[in-house]
């Protein structure tokens, strides 16, 4: 078991990482997020697997909880879903003395967090992430949001959870592709902030894929530690926190251009390799460092090239609406060495063009 704390000027909260914590988090939820009743937001797949354990834990503590189902998938992360859930909460009598619980992956967490931030002008919520991507990234930091036709996460808020409960045992139910998708975000943390952690991941790949309990705790704890440190220094993404977007400027555009058929983690991996190539082009990374990053990503089974079926102009159109842009200029996070990230807002059209001219499987 490991426990961290996100210490903020207001609304700080604990992150508990422990095998089996899903079965006994009821008492801690009651203490950290007291409410008359709770709405558990989960998609139908996750609900079948894990809602019974969570609801039983809440019931044993004497808490009243209701399960609100959504359909699985990124396509559900929209304003229509938010409106439907708000109507259902109101009909069920939820008010400012109640709370929400996000159970599932990043989609459920983003939907639940955004809904909690605006329902009754803001009610508390708790994150119980069940996918690797959500456990190491989206459940920590308070960023919530939904997609609109123009792009991903363009409508959202900052709304910190009251607590995050991470049970690595839920990873055993993930399809291999979804586990690999989450590992892209894991590798990101080593690349932007901790070269020793990146080396650890390169060595521990087999232990991670076989879900070794000790290795999983160490891996998730390191990711949450790095993210918590960055969030505590820059809660509202005014500066440093933007390094967490390494791979996301190009990755989000690729993901949206695929109509979200490409998983978030796979798109981020493509985006990280694109940013790595830009870093090398600028002389910030050596060819050996670029090759090492390419090798580790591909060893983890992650894509590093744009899928050939995606049109360049479609990707470019989504790049233009990137929410991280400043005065119309794209902001890319580049590497000044493995473990050292910095924002750059002077990326030229010529440099962007090079990202579309890489031969397949190039390094």
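What ranking do 235, 185, 342, 3 get, fewest neighbouring Cβ atoms within 10 angstrom at the top?
Details: 235 19, 185 27, 342 16, 3 11.
Result, fewest neighbours first: 3, 342, 235, 185.
The angle between the Cα long axis of helix 264-281 and the longest principal axis of the Cα atoms of the chain comes to about 30 degrees, rounded to the nearest 10.
How much length is gained if the chain between residue 75 and residue 259 is pulled fully straight, taking 0.36 nm per residue apart and subtracting their Cα-Cα distance, in nm to one decimal?
Working: separation 184, 0.36 × 184 = 66.24 nm, distance 0.87 nm.
Extra length available between residue 75 and residue 259 comes to 65.4 nm.
Alpha carbon centre of the range 104-130 versus the range 133-154: separation in Å? That distance is 11 Å. For the range 11-45, the residues whose backbone nitrogen is under 17 Å from a point 7 Å from the Cα of residue 120, taken along Cα to Cβ, are 30-41.
Helical runs (DSSP H, four residues minimum) scored at -39500 (n - 2.57) apiece and divided by the length of the chain put the mean residue ellipticity at 222 nm at -13500 deg cm²/dmol.
Once R0 is set to 45 Å, what does the formula 1/(1 + (r/R0)^6) return for the Cβ-Cβ distance between residue 199 and residue 48, expressed as a FRET efficiency to the nearest 0.05? Can you show the working numbers first?
Values: r = 39 Å, r/R0 = 0.86.
So the FRET efficiency works out to roughly 0.70.
With the simple spin-label model, which puts each label point 7 Å out from Cα in the Cβ direction, the residue 212 to residue 30 separation comes to 3.9 nm.
What is the projected area of the convex hull of the Cα atoms of the range 1-72, averaged over all directions, in nm²? Don't skip to the end; give the middle numbers.
Numbers: hull surface 22.4 nm².
With the hull built on Cα positions only, its mean projection is 5.6 nm².
Could you check how many percent of all C-alpha pairs in the range 58-212 are farther apart than 19 Å? Mind showing how you got there, number by number?
Details: 6899 of 11935 pairs.
Across the range 58-212, Cα pairs with separations above 19 Å total 58 percent.
The C-alpha atoms of the chain define a longest principal axis, and helix 176-193 lies at about 70 degrees to it. For the chain, the equivalent ellipsoid derived from the alpha-carbon gyration tensor has semi-axes of 34, 22, 18 Å in decreasing order.
Against the longest alpha carbon principal axis of the chain, how many degrees, from 0 to 90 and to the nearest 10, is the axis of helix 248-257 turned? For helix 248-257, the angle is close to 80 degrees.
Only the coordinates and a few stated rules stand behind these numbers; no lab work does. Everything numeric in this text was worked out from a predicted model, so none of it was measured. All Cβ positions, glycine included, derive from the backbone under ideal geometry; neighbour counts span all protein chains shown.
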